[in-house]
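The values are calculated or read from the model by the stated rules, or taken from the named source; none is laboratory data. Keep in mind that this is a model prediction, so the values were computed, not measured. No Cβ is skipped: glycine too gets one built from the backbone with ideal geometry, and neighbour counts run over all protein chains shown. Accessible surface areas use protein heavy atoms only, side chains included; no ligands, DNA or RNA. Shrake-Rupley method; radii C 1.70, N 1.55, O 1.52, S 1.80 Å.
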Amino acid sequence: MNRILVVDDDAVVRRSLAEALANSATEVRTAEDAERGLAMIDERQPDVVVSDIRMPGLDGLALLRMLRERAPSVDVILMTAYDDMPTVVAAMREGARDFLVKPLDLHELRKVIAHTFEDRRTLAPTLLESELFGHVKGAFTGAVSDHRGRFALAGRGTIFLDEVGDTSIEFQSKLLRVLEDREYYPVGGEKPERTEARVIAATHRDLESMIGEGRFREDLYYRLRVVEI
């Protein structure tokens, strides 16, 4: 799904952007400030956040910094009525995907959104790997610091992988290594890390048919199918 969250303290701007982007995404939600935006991100993580810079309370740059820590796979596009280079430089240094100046050119915004979603469809395996395995600083655009993945955070707990049938063959090979050797490499990392986490996987797809079509690894299938529910 292509999900967008618009964060702006101006109700008119929120409404107009939501309407303008309705055909660019499968879901567009809005938040009146950064605090509410963070809460909504925790509830249902979007793919792209379009946020104003100048807002009461936490501003857009602070929101960007927090997202780099809490949801590094989210692309952030910042907008402001203040066309000042220091803000642009700071935003890009902190990992913003793009920067737009108000009043917005809605055609340009749609182009930026379209390019962002297209890049996500071609950077998607890396984003998934980053979320699960973590990444090192500089591993890809927006990786402004080291990030611990879910396998590191899970410890000896359980990781639930939903829709495992939608993953790429490349990712399936890396997941198989985790299950067989209990080791993985953070994205951009040179040293393997170990995990003791248990994996539960689910999918709505017919994996046996996908194996026959060469779209799902047979060895991974049997590694995951220890206990079937």
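What is the gain in length, in nm to one decimal, between THR26 and VAL12 on full extension, counting 0.36 nm per residue of separation less the C-alpha to C-alpha distance?
Values: separation 14, 0.36 × 14 = 5.04 nm, distance 2.14 nm.
Extra length available between THR26 and VAL12 comes to 2.9 nm.
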Using the heavy atoms of the protein chains and a 1.4 angstrom probe, tell me the accessible area per residue for the chain in square angstrom.
-> 54 Å²
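Specify whether the C-alpha gyration tensor of the stretch 1-122 places it in the rounded, prolate or oblate class, a ≥ b ≥ c being the square roots of the eigenvalues: rounded for a/c under 1.5, otherwise prolate if a/b is larger than b/c and oblate if not.
Verdict is rounded for the stretch 1-122.
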Treat each spin label as a single point 7 Å out from the Cα along the C-beta direction, and report the GLU218 to ARG121 distance in nm.
-> 3.2 nm
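Got a number for carbon plus sulfur as a percent of the chain's accessible area, 1.4 Å probe?
Values: 5990 of 12300 Å².
That share works out to 49 percent.
How far, in nm, would the chain grow between LEU104 and LEU153 when pulled straight, counting 0.36 nm per residue and subtracting the alpha carbon separation?
Details: separation 49, 0.36 × 49 = 17.64 nm, distance 3.97 nm.
Result: 13.7 nm gained on full extension.
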Nearest 0.05, what FRET efficiency do MET210 and ALA81 give at R0 = 35 Å with Cβ-Cβ as r?
-> 0.10
Quick one: helix 11-20 against the long Cα principal axis of the chain, what's the angle to the nearest 10°, folded into 0 to 90?
-> 60 degrees
At most 14 other Cβ within 10 Å, DSSP loop - trypsin sites (Lys or Arg not before Pro), the stretch 88-148 = LYS137, ARG148
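So what is the calculated 222 nm ellipticity per residue for the chain, using -39500 (n - 2.57) for each DSSP H run with n of 4 or more, over all residues, to the nearest 500 deg cm²/dmol?
Working: 9 runs with 99 residues, N = 229.
For the chain, the value works out to -13000 deg cm²/dmol.
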Give me the number: length gained by fully extending ARG225 to ALA202, i.e. 0.36 nm times residue separation minus the C-alpha to C-alpha distance, one decimal in nm.
-> 7.3 nm
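Need one word for the stretch 67-111: rounded, prolate or oblate. Basis is the Cα gyration tensor (sqrt eigenvalues a ≥ b ≥ c); a/c below 1.5 gives rounded, then a/b vs b/c decides. Show your work: numbers first, answer last.
Working: a/c = 2.80, a/b = 1.34, b/c = 2.09.
The shape class here is oblate.
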